[in-house]
Amino acid sequence: MSFKPIFLSSSPDLANTGYQYLGQRDLAGQPVAGAPHADTAHQLHHLEYLLHHTQTQQDRARESERKLRVAARRRVTRLKAKVTSLEALTTQMEATIEELEDDGEDLRKENEALLSDDDDYEDEDFDMEPDTEDEAFINDEDEEPEPLMSEEDPEEPAFVEEDAPPAPEVPVVDLDDF
């Protein structure tokens, strides 16, 4: 909705001053060209421009004010809906955490029931100290490593590439000749 500037008629106070046409608008809202005045023509033109520019900014501000209020209301509504959905999600996640903690406690109780604190599973002659007789069987001497095969097997045929192209001959150049 566009607001039309008010049509201003010349004020009796401005009559015969050169400013009697200042601020007058036609029906389309454009400034009315005033009568030329030798001394104040440039100043009058500048004041007309500033007045028209200010009125245009005020019209735009009035038009956008309503849009800004509507946008602010929509933004607040959208944020409230987001907060509500996040609170519901938080409640759901807390319930899931409670269920998982309960399941974890049940599993721990089941595992504790399977484990006994007594030593029934151990032999009666079992002692926790290591047996020293086993150390007598351990040979700490260094053994010689097995020799690696570094020679070719004479019974194995030599490897020859049949599809390989012959290597090109590279001429040997003696650098002392230069």
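No lab work stands behind these numbers, since they all come straight from the coordinates. These numbers were taken from a predicted model, which means no experiment stands behind them. Please note: Cβ atoms are built from the backbone with ideal geometry, for glycine as well, and neighbour counts cover all protein chains shown.
Annotations
- Here the 3J(HN,Hα) profile of the stretch 99-106, calculated from phi with Karplus coefficients 6.51, -1.76 and 1.60 at θ = phi - 60°, is 4, 5, 5, 5, 4, x, 5, 4 Hz, Gly and Pro shown as x.
- In terms of surrounding Cβ atoms within a 10 Å radius of their Cβ, Val70, Val170 rank from fewest to most as Val170, Val70.
- Shown in residue order for the stretch 87-95 are the 3J(HN,Hα) couplings computed by the Karplus curve 6.51 cos²θ - 1.76 cosθ + 1.60 at θ = phi - 60°: 5, 5, 5, 4, 4, 5, 5, 5, 5 Hz (x for Gly and Pro).
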